[in-house]
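Enquirer: Here's a structure for you.
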Amino acid sequence: MPKKKVDVNVPNPNAGPPVVVAVMDADSQVHEIWEDKVTGKYQAYSEAGELMGWLGYTREKNVVTIYTTRTEPDYRGQGVASTLTRKVLDDCREAGVEVDAACWYAAEFVQRHPMYARMMVNLGF
């Protein structure tokens, strides 16, 4: 389990504990990505177990809304936000759900990666 946890802000009593959803390859700055369905966050951790950043989302029926992407100051400019955003979009595509990119970063990411555009119900905030 990672050393740092993000505070709960969107309780989901039907969700289980956080789980590892990706272990990244050696070329990535991000070591692991955890999904916490209780808080509605994907969290990126370094190999040392430090929180590098997180992406906040909500899910209502078949639409996932990405409402924020945050990177810890020491890890900015290292691809943390893009790694998190790509993982969430790939998971949404696999699950067959649409995405509302309410977060400016997620909206700009999709504009730079048009392969995700068909999944979008909204691009912008």
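Enquirer: Could you please let me know if Glu32 is at pLDDT below 90 and not β-branched (Val, Ile, Thr)? Before you say what the answer is, go through the steps one by one.
Expert: Numbers: at pLDDT below 90: yes; not β-branched (Val, Ile, Thr): yes.
Judged against the criteria, Glu32 is a match.
Enquirer: Hey, among the residues in the range 94-118 that are among the acidic types (Asp, Glu) and part of a helix (DSSP H, G or I), which one's farthest from His31 (Cα to Cα)?
Expert: Once the filter is applied, the top-ranked residue is Glu108.
Enquirer: Could you tell me whether the range 8-28 includes any residue that is over 17 Å from Trp104 (Cβ atoms), at pLDDT below 90 and crowded, with 19+ Cβ neighbours inside 10 Å? Outline the logic, then answer.
Expert: Keep residues of the range 8-28 that are over 17 Å from Trp104 (Cβ atoms), which gives 8-28.
Next, from what is left, pick out any that are at pLDDT below 90: 8-28.
Checking the rest, the ones that are also crowded, with 19+ Cβ neighbours inside 10 Å come to 18, 22.
Yes: one or more hits.
Enquirer: Moving on. Go through (1) among the small types (Gly, Ala, Ser); (2) buried (at least 19 other Cβ atoms within 10 Å of the Cβ); (3) at negative phi and name the single condition Ala102 misses.
Expert: Unmet for Ala102, out of (1) among the small types (Gly, Ala, Ser); (2) buried (at least 19 other Cβ atoms within 10 Å of the Cβ); (3) at negative phi: (2).
Enquirer: Right, another one. Taking the options Thr83, Thr69, name whichever one is modelled with pLDDT of 95 or more, of a type outside the set (A, V, I, L, M, F, W, C) and surrounded by 20 or more Cβ atoms within 10 Å (Cβ to Cβ). Don't jump to the end; show me each part of the working.
Expert: Values: Thr83 fails: modelled with pLDDT of 95 or more.
Exactly one residue qualifies, and that residue is Thr69.
Enquirer: May I ask you to list the residues in the range 75-125 that are in contact with a strand residue (DSSP E or B) (Cβ under 9 Å, 6 or more places away or on another chain), more than 21 Å from Gly53 (Cα to Cα) and of a type in the set (A, V, I, L, M)?
Expert: Within the range 75-125, Ala95, Val97, Ala117, Met119, Met120, Val121, Leu123 qualify.
Enquirer: Oh, and also: Would you check if Asp91 is part of a helix (DSSP H, G or I) and surrounded by 15 or more Cβ atoms within 10 Å (Cβ to Cβ)?
Expert: Values: part of a helix (DSSP H, G or I): yes; surrounded by 15 or more Cβ atoms within 10 Å (Cβ to Cβ): yes.
Taking the combined requirement at face value, the residue satisfies it.
Enquirer: Also: Can you tell me which of (1) of a type outside the set (A, V, I, L, M); (2) over 25 Å from His31 (Cα atoms); (3) in contact (Cβ under 8 Å) with a residue 60 or more places away in the chain is the one Asp91 doesn't meet?
Expert: (2)
Enquirer: If Val121 passes every condition in (1) hydrophobic (A, V, I, L, M, F, W, C); (2) in a strand (DSSP E or B); (3) buried (at least 18 other Cβ atoms within 10 Å of the Cβ) but one, which one does it miss?
Expert: Every listed condition holds for Val121 apart from (3).
Enquirer: Tally up the residues in the range 84-125 that are more than 17 Å from Glu35 (Cβ to Cβ) and among the charged types (D, E, K, R), please.
Expert: Total satisfying the criteria: 5.
Enquirer: Considering each residue of the range 38-93, count those that are acidic (Asp, Glu) and touching a Leu at 6+ places or on another chain (Cβ under 8 Å), and give that number.
Expert: Total meeting the criteria: 1.
The values are calculated or read from the model by the stated rules, or taken from the named source; none is laboratory data. Just so it is clear, the model here is predicted, and its values are computed rather than measured. Cβ atoms come from the backbone with ideal geometry, glycine included; neighbour counts cover every protein chain shown.
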